[in-house]
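Note sheet for the following structure.
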Amino acid sequence: MSLPDYEDWKKLAQEFTHQTRAFIGGKYVDALSGKTYETINPATEKMTAHVAACDGHDVDAAVKSARSAFNAGHWSRMAPRDRGAILQKLAALVQEHGDQIALMECLNVGKPIMEARMADVGLSSAALKWYGEAIDKVTDEIIATPDNVRATITREPIGVVGVVVPWNFPLMMACWKIAPALATGNSVIVKPAEQTPQSILKLAELALEAGIPEGVFNVVTGHGAEAGAAIGLHNDIDCLTFTGSTAVGKKFLEYSGRSNMKTVWLECGGKNPNIVMADCPDMDKAVMNAAMNAFFNQGEVCAAASRLLVQDSIKDEFLERVAAIGKTRVPGDPLDPETNLGAIVDKGQFDRVNGYIAKGKEEGANLILGGNTTTVNDCGYYINPTIFGNVTADMTIAREEIFGPVLSAISFKEVEEAIDIANDSPYGLAGAIWTSDINIAHKAARDLQVGAVSINSYSSADIALPFGGYKQSGIGVDKSLHAIDKYTNMKSTWLELG
Ligand code: NAD
């Protein structure tokens, strides 16, 4: 099957009808208040849709629907193998509707269509499939007891799970949570980011088609401070799983304390160190990875390689080569399959990233590449790939998460200094080291205070590996069988035989 070309995508975009309503109890519904808000295409700056602005009343309706579906047991008590088969069918439906879903992510996020088609669609479908295949292989435990006792440890679905997600990979971030939550028998209420409701609304419809009973999968669209907070504060939601900024993650901990003490799982920000030693075994690969992982998805990636730590002796040449690759990331129309750098998601984020670029210049970092904005067809929120050299560890651009195509390069003398700089951060999501020295590689893997370390590579994308942060990057993990712990209660049963 051949993929659409540029003209096809433009035509599909023109014909595209945006879904504008929430999804509760198996139906698309307006917000009870009748209120809507606008979504904007960041590449054109034009309004794309009026979407239901849900509030606490809609969240209440979604919780009632989720709870009654859970209690009915059609999903929560279904045999894991049957639930798994339905999730695998859903994964196939996501692929089948891949062009449409990719278009939704492209129009809402401003990301290049081919990246949306390959990464967002492909990895969302892969997550659903993986948990669908895995769930009937998860077993419970029986423990060693005296002969007259049988004691078991069993897992049960936790109940109603609130899922609040960001805009950078709208469907994929949601699927990393929805897939294990559904696989274990829970009902879910998903709140997409304001900017990006479409793909998750589509998934809800496909879930019904795949065989997930009405009320198990609900989507509440709207603003964080209203719909998001109402989910966090709801007394009949048992578990809250969030991906987004550290500041909002902390709010969810508060919401939990102020309501029913629901469990809270957080995947938050990152300022990830990518350490390159002079004895790096493959400099070409390291250069390519340093650039690609700083600028992929416009740098709007929590695990972006946003802090480059390069050993002094190779610093100048290495940065020159990274800049040369950076120049090949050229802002373009996200609908063009040739585009490799899209628009920034919205005006607010565009201003925020530009603010950090101004701060970098003001604090005396050396601007090696970019540092300016551009337009495509005279519009759009585009920022050129930007590299700052001579960054010191105390500068704002070395410490704060920028979430844009901005790379801050810091030099160091010895590996110990690099590790100290790397760990001097409130974040601890991901990190990498490039070296030929096996001792240095192992020590760095041990000493870096991050949830995911790469050695002579920059990626831990495999769905079978846990992904989660140390420190203020989060609590708990997405992906892997370990994510199942988040969505299950553990029950001990002690039976004395008569
Ligand atoms: P955000 O925190 O502003 O929003 C995330 C979600 O929270 C959205 O759905 C939003 O509507 C909601 N929200 C906002 N304010 C709220 C409030 N007061 N109460 C309840 N809900 C609220 O984040 P964003 O701008 O959408 O995404 C960017 C952030 O996400 C970055 O910090 C990035 O690092 C992080 N992120 C982390 C990971 C990870 O896996 N660690 C992955 C992707 C993105």
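For region 81-122, a residue qualifies if it is outside any helix (DSSP H, G or I) and surrounded by fewer than 23 Cβ atoms within 10 Å (Cβ to Cβ), and exactly one does: His97. Being in the same structural domain as Val188 (by TED's automatic domain parsing) and assigned to a loop (DSSP other than H, G, I, E, B) is a condition met by no residue of region 8-15.
Every condition in (1) assigned to a loop (DSSP other than H, G, I, E, B); (2) of a type in the set (Val, Ile, Thr); (3) within 14 Å of the ligand (Cβ to nearest atom) holds for Ile231 except the one numbered (1). If we scan region 270-281, do we find a residue that is free of Cβ contacts under 8 Å to residues at least 24 places away in the same chain and more than 20 Å from the chain's Cα centre (by Cα)? Among the residues of region 270-281, not one is free of Cβ contacts under 8 Å to residues at least 24 places away in the same chain and more than 20 Å from the chain's Cα centre (by Cα), which makes the answer no. When Val164, Val138, Val160 are screened for being crowded, with 24+ Cβ neighbours inside 10 Å and more than 28 Å from Thr48 (Cβ to Cβ), only Val160 passes.
Residue count for region 449-490 under the criterion of being among the basic types (Lys, Arg) and in contact with a Leu (Cβ under 8 Å, 6 or more places away or on another chain): the result is 1.
Take Thr221 and decide whether it is within 21 Å of Arg258 (Cα to Cα), of a type in the set (Ser, Thr, Tyr) and within 15 Å of the ligand (Cβ to nearest atom). So Thr221 does not fit the description; no.
Checking the structure you have, find out if any residue of region 487-498 is outside the structural domain of Asn372 (by TED's automatic domain parsing) and at pLDDT below 95. Checking region 487-498: at least one residue is outside the structural domain of Asn372 (by TED's automatic domain parsing) and at pLDDT below 95.
Based on what the data block shows, is Asn366 polar (S, T, N, Q) and away from the ligand (no atom under 16 Å from the Cβ)? Answer is yes for this residue. The residue pairs whose first member lies in region 236-263 and is within 30 Å of Gly404 (Cβ to Cβ), whose second member is of a type outside the set (Gly, Ala, Ser) and more than 13 Å from the ligand (Cβ to nearest atom), and whose beta carbons are closer than 7 Å, counting only pairs six or more residues apart or on different chains, are Leu240/Lys262; Thr241/Val161; Thr241/Lys486.
Just one of Gly228, Gly215 is on the phi > 0 side of the Ramachandran plot, of a type in the set (Gly, Ala, Ser), out of contact with any Leu (no Cβ under 9 Å at 6 or more places or on another chain) and surrounded by 21 or more Cβ atoms within 10 Å (Cβ to Cβ); which is it? The unique qualifying residue is Gly215.
Yes/no per residue for (1) among the acidic types (Asp, Glu); (2) free of Cβ contacts under 8 Å to residues at least 12 places away in the same chain; (3) within 20 Å of Gln88 (Cα to Cα); (4) in contact with a Gly (Cβ under 6 Å, 6 or more places away or on another chain):
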residue	(1), (2), (3), (4)
Val188	no, no, yes, no
Gln195	no, no, no, no
Glu214	yes, no, yes, yes
Glu226	yes, no, no, no
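The set of residues from region 36-80 being surrounded by fewer than 16 Cβ atoms within 10 Å (Cβ to Cβ), charged (D, E, K, R) and in a loop (DSSP other than H, G, I, E, B) comprises Glu45, Arg77. Selection over region 439-485 of residues that are assigned to a strand (DSSP E or B) and of a type in the set (A, V, I, L, M, F, W, C) gives a count of 5. Looking at this structure, is Val391 touching a strand residue (DSSP E or B) at 6+ places or on another chain (Cβ under 8 Å), outside any strand (DSSP E or B) and closer than 30 Å to Gly342 by Cβ? Considered against the rule, which asks whether it is touching a strand residue (DSSP E or B) at 6+ places or on another chain (Cβ under 8 Å), outside any strand (DSSP E or B) and closer than 30 Å to Gly342 by Cβ, Val391 comes out as yes.
Total residues in region 329-367 satisfying the condition of being within 13 Å of Lys111 (Cα to Cα), touching a Ser or Thr at 6+ places or on another chain (Cβ under 6 Å) and not in a loop (DSSP other than H, G, I, E, B): the figure is 1. Taking the criterion of being near the ligand (Cβ under 7 Å from one of its atoms) and closer than 17 Å to Gly476 by Cβ, the residues of region 234-248 that qualify are Phe242, Thr243, Gly244, Ser245, Thr246, Val248.
The values are calculated or read from the model by the stated rules, or taken from the named source; none is laboratory data. The model shown is predicted, which means the values in this text are computed figures rather than measured ones. Cβ: placed from backbone, ideal geometry, glycine included. Neighbour counts: every protein chain shown.
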